[in-house]
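Down below is the structure, laid out as structure tokens.
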Amino acid sequence: MKVQVNARNRAYQFDCAPEEKILFAGLRNAVDLPYECGSGTCGTCKAKLIEGEIHDPWPQAPGTRYLKPAQGEFLMCQCQPKSDLAIEVANFVYSA
């Protein structure tokens, strides 16, 4: 599936397998998405769903307490695409 990430500085597109986490697909495709997993800062990989549908297999992840689900926010490290996606991150994003 195609994922388009709209960042503060530009947009990126990459492929993501249905069972793959969005964050890992972006990193695999050399898109330096924001994250701080494993360093005590859960929630840094927050994104906003603009278009498409996602699956969240762990909705109780620690970083979800910082999200506004009614506004489409989700954690890229936990969610998988169920369709092509357009998402937005508040950070600058660069190619790795």
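The Cα center of the range 3-42 and the Cα center of the range 64-89 differ in position by 11 Å. The sum of -39500 (n - 2.57) across all DSSP H runs of n ≥ 4, divided by the residue count of the chain, sets its helix-only mean residue ellipticity at 222 nm to -2000 deg cm²/dmol. Rolling a 1.4 angstrom probe over the protein heavy atoms with all chains in place gives the range 2-89 an accessible area of 55 Å² per residue. Surface composition of the range 2-89: carbon and sulfur make up 47 percent of the accessible area, probe 1.4 Å. Considering every alpha-carbon pair of the chain, the percent of pairs per 5 Å bin, from zero through the bin containing the longest distance, is 3, 15, 28, 29, 19, 6, 0.
Charge dipole of the chain (Cα centre as origin; +1 on each Lys and Arg Cβ, -1 on each Asp and Glu Cβ, all else neutral): 240 debye, rounded to the nearest 20.
Relative contact order for the range 2-89: 39 percent, from Cα pairs under 8 Å spaced at least 6 residues apart, divided by residue count.
The values are calculated or read from the model by the stated rules, or taken from the named source; none is laboratory data. Because the structure is a prediction, the values reported are computed rather than measured. Quick reminder, even Gly has a Cβ in these numbers, built from the backbone with ideal geometry, and neighbours come from all protein chains shown. Heavy atoms of the whole protein, side chains included, go into the accessibility calculation; ligands, DNA and RNA do not. Shrake-Rupley method; radii C 1.70, N 1.55, O 1.52, S 1.80 Å.
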